[in-house]
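To start, the structure itself, in structure tokens.
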Amino acid sequence: MEYTPPLHYLVRQSFKRFISYSLLLACLLILVRFYEILFISQRAGYPAGSTLELLYGIRFDLLLAFRVSGYLLIPFLFLDHYRVEWARKIFTAAAVLVVIGEVVLLRYFSTTRIPLGADIFGYSFSEMRQTVGASGEVRFSALLPILLFCLIGVFVYRRWPYFKVSTLGIFLATFLMLYATFSSNNLNPDPADYKTEFSMNIAANKLNLFGGSLFNYYRQKNGTSKFELNSSSAQNDLASDAVRSSAPEEKLLLPAGKNANGPVSDPSAASPAVSTVSPGNPFNYVSSDYPFLHAETTPDLLAPFFKPDAQAPNVVFIIVESLGRAYSGKDAYLGSFTPFLDSLMTKSLYWENCLSTSGRTFSVIPSLTASLPFGEKGFADLGDKMPDHLSLISLLRNSANYSSSFYYGGDPKFDDMELFLKHQGEVKIVGIRDFGPDYKQLPADQNGYSWGFGDRDIFRKYLSDLKANEKERRVDLMLTLAMHNPFMVPDQTHYNELVEKRMSTDKLSEEAKKYNRQYLPQFASILYFDDALRYFFQEFSKMKSFEHTIFVITGDHRMPEIPISTQLDRFHVPLVIYSPMLKQGVKFSSMVTHYDVTPSLLALFKNRLNLTLPTLTSWIGHGLDTQISFRNLNSYPLKRNTGELTDYLSGTHFLSGTTLYKISPDLNIEPENNPELNDQLQKQFSNYKAKNNFATRGNQVIPDSLKKYIRK
């Protein structure tokens, strides 16, 4: 009779095999970490001191290895009891997938300097192919490490599937597995422990970050739509010393028998109480059916800076790809590489502490021109389900016969920009297919890929078309392209040399110069844009309409390919409003966002042109604060990418994930241990997210009574 060992013995032997497999997975992930240290960090230009952060990050690799092992424990023991070979193959497959996933995400991070997360769901296949093509990561040399680690993983589990582990080793591995599996918030670094966001990201295991981002995405996607309309905890009682203004009432068309305060017999008679407010006062929302709807009381704080002029002004938005304050404007901490724009700032209304609303391009046009909530993956991503809304473009078209256009050197379908703009009415859209033979695309990379036409050609095309319609009132937008991967511009050698000259002119230290030289193509592309902007204003100033045009210049977000210093730094962009109609240039240190631009411009236009505009709006923004000194009067959500809504600004505090920071006048941030305030801001933020879900999942941004302002 064949001897059958006792069950407890078989289980113990299976568990020993399992521990050896788990330790092999840990070793493979550590091998990937050393691959990053020895090969990737130098090629990708990680800052000095990164090696130590990378070594400290090994603990996050171990935590991932043992958490994966924890998930595989029960299936492995079951299979191993019946088919040892099946158990080995299943564990091998899982381990190899984990290692390949880490290598792929590491390659992505080394190219973009931002970890990949749930933003992967915010792009179509063609958009992802376009982005990856621009990065150059489709080369065989880029795929070789992935193939190599795949082969290493398979070889290791075939060659050493089982090795003897001491009792102490088994005990320690079991403890780590239980800790990693059941302990919460331990897989990723604590932001408070790191000086910069980039150092935190290089220490982190990229697969851990990816998994955490997906978890947040699905939690927010399935989040509640229950909210408090005017929660006392959400009231922002910060400074309120700005200019106050009032507005007449607007009738709100609500479902029969309802108004903001309860049942009424006549819906058409329902109207909110109107109060005068400054940018620092919280909105008094008027309808639970339209949770962002409030009295339009944005004060016209821009008018005192403009000369009297009876002619209707034009508005030209120049949205600059990746223009961050880190390298533009006085006291830019990397040195300023925009000398012409810097000179223009001295003649402009210039907000040095402006924030974009996202860390990617997807939100800049909806936020800048319509002050809209985000939706799930960006307002424009809502597509055919995009709620009706007010915007600068539609209101000026309807009320003052303004025409509109959008110029972009790439595909305007990217990030659903074309779809959003078509929703505003008749907007002329000029994209990559609309440039003629007189225009030349940006240089192609070694794979033959180019995003499209460069900044100078975008400006040249716009000016050429403008000459035929110069007499029209207009609000136009341009989005530049060159400051984007692969950062290849015309006359590359010339601009590379200009980087060195600029660093000397800016009197940067040798240490700063050494750091910046790691990102020579990036800085060269910034100088190329600045030259193109100089050309644009030189040519535009020769046109008659120049004297009656307001130019709004800002970045869509900060460039991630030059390592980002803090979680707030990714949003920090300059905001410049220039016009020959200005009395003088003024620099403001008050904090503002892209949300604030449209409300302020419409307040200026309303008084200047005596326009009839709605007295109820759903703006997220309160208007541009013209305080000279540093302050912030408002609370705003910020979306770092299409899949994550984890950042919230309130006064001089910034909430990023679960970490609370205090903001200093130079917009640096320091962790602040204030559980009570942290909890309060988390509740405010959660309330915003619930309102965002409710308003954008249905057509709940504006009521039917306001649609007359956007239809013509």
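The values are calculated or read from the model by the stated rules, or taken from the named source; none is laboratory data. Fair warning: this is a prediction, and the values are worked out from it, not measured in the lab. Here Cβ is always computed from backbone atoms with ideal geometry, including for glycine, and neighbour counts include all displayed protein chains.
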Restricting to region 509-554, give me the number of residues that are more than 30 Å from Asp596 (Cα to Cα) and in contact with a Lys or Arg (Cβ under 9 Å, 6 or more places away or on another chain).
0
Name every residue in region 410-430 that is more than 19 Å from the chain's Cα centre (by Cα), more than 13 Å from Met386 (Cβ to Cβ) and crowded, with 18+ Cβ neighbours inside 10 Å, in order of residue number.
Gly410, Val427, Val430
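Just for region 563-591: of the residues that are of a type in the set (A, V, I, L, M, F, W, C) and under 16 Å from the mean Cα position of the chain (by Cα), which one is surrounded by the fewest Cβ atoms within 10 Å (Cβ to Cβ)?
Let us first name the residues in region 563-591 that are of a type in the set (A, V, I, L, M, F, W, C), namely 564, 568, 571, 573, 575-577, 581-582, 586, 588, 591.
Imposing the further condition that a residue be under 16 Å from the mean Cα position of the chain (by Cα) reduces the set to 564, 568, 571, 573.
Details: Ile564: 24, Leu568: 21, Phe571: 29, Val573: 28.
Here the residue is Leu568.
Take Ala690 and tell me if it is farther than 22 Å from Arg360 by Cα and in contact with a Pro (Cβ under 7 Å, 6 or more places away or on another chain). Spell out the reasoning first.
Working: farther than 22 Å from Arg360 by Cα: yes; in contact with a Pro (Cβ under 7 Å, 6 or more places away or on another chain): no.
When the stated conditions are applied, Ala690 does not pass them.
Sort through Ile429, Ile393 and tell me the only one that's touching a residue at least 60 places away in the same chain (Cβ under 8 Å) and among the β-branched types (Val, Ile, Thr).
Values: Ile429 fails: touching a residue at least 60 places away in the same chain (Cβ under 8 Å).
Within the list Ile429, Ile393, the selection yields Ile393.
Of the residues that make up region 198-208, is at least one buried (at least 21 other Cβ atoms within 10 Å of the Cβ), outside any helix (DSSP H, G or I), under 27 Å from the mean Cα position of the chain (by Cα) and in contact (Cβ under 8 Å) with a residue 40 or more places away in the chain?
As a first pass, look at region 198-208 and keep what is buried (at least 21 other Cβ atoms within 10 Å of the Cβ): 198-208.
When the remaining residues are screened for being outside any helix (DSSP H, G or I), the result is 204-205.
The next check asks that each one be under 27 Å from the mean Cα position of the chain (by Cα); those that pass are 204-205.
Narrowing further to those that are in contact (Cβ under 8 Å) with a residue 40 or more places away in the chain: 204-205.
So far as region 198-208 goes, yes, one or more of its residues are buried (at least 21 other Cβ atoms within 10 Å of the Cβ), outside any helix (DSSP H, G or I), under 27 Å from the mean Cα position of the chain (by Cα) and in contact (Cβ under 8 Å) with a residue 40 or more places away in the chain.
Can you find a residue in region 437-450 that is aromatic (Phe, Trp, Tyr) and in contact with a strand residue (DSSP E or B) (Cβ under 9 Å, 6 or more places away or on another chain)?
Yes, region 437-450 contains a residue that is aromatic (Phe, Trp, Tyr) and in contact with a strand residue (DSSP E or B) (Cβ under 9 Å, 6 or more places away or on another chain).
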If a residue must be assigned to a loop (DSSP other than H, G, I, E, B) and charged (D, E, K, R), how many such residues does region 656-680 contain?
2
What number goes with the only condition from (1) among the small types (Gly, Ala, Ser); (2) in contact with a strand residue (DSSP E or B) (Cβ under 7 Å, 6 or more places away or on another chain); (3) outside the structural domain of Thr357 (by TED's automatic domain parsing) that Ala482 does not pass?
(2)
Could you identify the single residue in Pro267, Pro291, Pro308, Pro272 that is within 29 Å of the chain's Cα centre (by Cα) and either modelled with pLDDT of 50 or more or not assigned by TED's automatic domain parsing to the domain that holds Val576 (or both)?
Pro291
So which residues in region 662-712 are farther than 30 Å from Pro189 by Cβ and surrounded by fewer than 17 Cβ atoms within 10 Å (Cβ to Cβ), if there are any at all?
Arg697, Gly698, Asn699, Asp704, Lys707, Lys708, Arg711, Lys712
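Which one of Ile170, Ile152 is under 39 Å from the mean Cα position of the chain (by Cα), assigned by TED's automatic domain parsing to the domain that holds Ala48, under 25 Å from Lys16 (Cα atoms) and part of a helix (DSSP H, G or I)?
Values: Ile170 fails: under 39 Å from the mean Cα position of the chain (by Cα).
Selected residue: Ile152, the only one of Ile170, Ile152 that is under 39 Å from the mean Cα position of the chain (by Cα), assigned by TED's automatic domain parsing to the domain that holds Ala48, under 25 Å from Lys16 (Cα atoms) and part of a helix (DSSP H, G or I).
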Scanning for something polar (S, T, N, Q), outside any loop (DSSP other than H, G, I, E, B) and farther than 20 Å from Ser391 by Cα, does region 640-649 turn up at least one residue?
yes
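Among the residues of region 32-57, count how many are β-branched (Val, Ile, Thr) and at pLDDT 95 or above.
From region 32-57, those β-branched (Val, Ile, Thr) are 32, 37, 40, 51; that's our starting set.
Checking the rest, the ones that are also at pLDDT 95 or above come to 32.
Residues meeting the conditions: 1.
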Across region 663-712, what is the total count of residues that are among the acidic types (Asp, Glu) and in contact (Cβ under 8 Å) with a residue 24 or more places away in the chain?
2
Per the filter on region 44-67, residues in contact (Cβ under 8 Å) with a residue 60 or more places away in the chain, of a type outside the set (A, V, I, L, M, F, W, C) and in a helix (DSSP H, G or I) are Ser50, Glu53, Tyr56, Asp61, Arg67
Specify the residue that is modelled with the highest pLDDT; the eligible residues are those in region 452-472 that are among the small types (Gly, Ala, Ser) and surrounded by 19 or more Cβ atoms within 10 Å (Cβ to Cβ).
Gly454
Check Met488 against each of (1) buried (at least 19 other Cβ atoms within 10 Å of the Cβ); (2) without any contact (Cβ under 8 Å) to a residue 12 or more places away in the chain and name the one condition it does not meet.
(2)
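The rows are residues; the columns are (1) without any contact (Cβ under 8 Å) to a residue 60 or more places away in the chain; (2) touching a helix residue (DSSP H, G or I) at 6+ places or on another chain (Cβ under 9 Å).
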| site | (1), (2) |
| --- | --- |
| Gly436 | yes, yes |
| Leu442 | yes, yes |
| Asn447 | no, yes |
| Gly452 | yes, yes |
| Arg456 | no, yes |
| Ser464 | yes, no |
| Asn469 | no, no |
| Val475 | no, yes |
Based on this model, can you work out whether Thr659 counts as crowded, with 22+ Cβ neighbours inside 10 Å, within 19 Å of the chain's Cα centre (by Cα) and more than 30 Å from Ala400 (Cβ to Cβ)?
no
Is there a residue being closer than 24 Å to Leu144 by Cα and either assigned to a helix (DSSP H, G or I) or modelled with pLDDT under 95 (or both) anywhere in region 1-23?
no
Top-ranked residue of region 122-134 - restricted to ones that are in contact with an Asp or Glu (Cβ under 9 Å, 6 or more places away or on another chain) and part of a helix (DSSP H, G or I), ranked as modelled with the highest pLDDT:
Gly122
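Going through region 321-343 one residue at a time, which ones are outside any loop (DSSP other than H, G, I, E, B) and out of contact with any Pro (no Cβ under 9 Å at 6 or more places or on another chain)? Even if it seems obvious, please write down each step before you answer.
Start the filter on region 321-343 by keeping residues that are outside any loop (DSSP other than H, G, I, E, B), which leaves 325-327, 339-343.
Hits for region 321-343 are Ala326, Tyr327, Pro339, Phe340, Asp342, Ser343.
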Going by the structure shown, is Leu372 more than 22 Å from the chain's Cα centre (by Cα), under 25 Å from Ser225 (Cα atoms) and either outside the structural domain of Ile458 (by TED's automatic domain parsing) or crowded, with 24+ Cβ neighbours inside 10 Å (or both)?
no
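So for region 89-112 (the condition being part of a helix (DSSP H, G or I), more than 23 Å from Leu148 (Cα to Cα) and either out of contact with any Phe, Trp or Tyr (no Cβ under 6 Å at 6 or more places or on another chain) or polar (S, T, N, Q) (or both)), does at least one residue qualify?
In the first step, residues of region 89-112 are kept if they are part of a helix (DSSP H, G or I); the result is 89-112.
Next, from what is left, pick out any that are more than 23 Å from Leu148 (Cα to Cα): none.
No, because not a single residue in region 89-112 is part of a helix (DSSP H, G or I), more than 23 Å from Leu148 (Cα to Cα) and either out of contact with any Phe, Trp or Tyr (no Cβ under 6 Å at 6 or more places or on another chain) or polar (S, T, N, Q) (or both).
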Filter pass, Gly335 being touching a residue at least 40 places away in the same chain (Cβ under 8 Å), on the phi > 0 side of the Ramachandran plot and out of contact with any Gly (no Cβ under 8 Å at 6 or more places or on another chain):
yes
Here is a list of conditions, (1) closer than 30 Å to Ser589 by Cα; (2) aliphatic (A, V, I, L, M); (3) part of a helix (DSSP H, G or I), and Leu382 meets all of them except one; can you say which number that is?
(1)
Of Phe605, Phe630, the only residue that is among the aromatic types (Phe, Trp, Tyr), outside any loop (DSSP other than H, G, I, E, B) and in contact (Cβ under 8 Å) with a residue 60 or more places away in the chain is Phe605
